[in-house]
Amino acid sequence: MTDRYEYVPHPLLRRRVRDVASGVEGELMAVINEDVSTSLHPYWVELAYIRGPSGREFSTAVDNIEPAEPHPGQRP
């Protein structure tokens with residue numbers, strides 16, 4: 001593969017999720033399989049991109065995300 005990334009389908013896309021590593025909740029915007037290697041040998045990882053409450057996106061390992069419970073009075 002010549003690209004350094006590719007989009008991956010995920011059942012939680014566009015849903016509210018929690019990053020278990022940081023505890024931050026937000027909307028899952030994308031899951032991307034990225035080559036994060038800085039050497040000649042590729043090292044591929046799946047990263048989840050979450051848009052947090054500030055509007056900024058951050059990434060975390062896809063295994064670190066879980067569905068977030070809706071807040072009281074909020075539609076699921």
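Tabulate in residue order the Karplus-calculated ³J(HN,Hα) for the stretch 51-59, using 6.51 cos²θ - 1.76 cosθ + 1.60 with θ = phi - 60°, rounded to whole Hz; enter x for Gly and Pro.
Couplings: 8, x, x, 6, x, 7, 9, 9, 10 Hz.
What net charge do the residues around Glu34 carry, taking every other residue with its C-beta under 11 Å from that of Glu34, with Lys and Arg at +1 and Asp and Glu at -1?
Taking every Cβ under 11 Å from that of Glu34, the sum is -3.
Among [x] 12.1, 42; [y] 13.9, 51; [z] 12.0, 36, find the value of Rg and Dmax of the Cα atoms in Å that was calculated from the structure presented, and write down its label.
[y]
Every read-out reported here was derived from the displayed coordinates using simple, explicitly stated rules and does not represent laboratory data. It should be emphasised that the depicted structure is a prediction, and the values quoted were computed from it without experimental measurement. Neighbour counts are summed over all protein chains in view; Cβ atoms, including those assigned to glycine, are modelled from backbone coordinates with ideal geometry.
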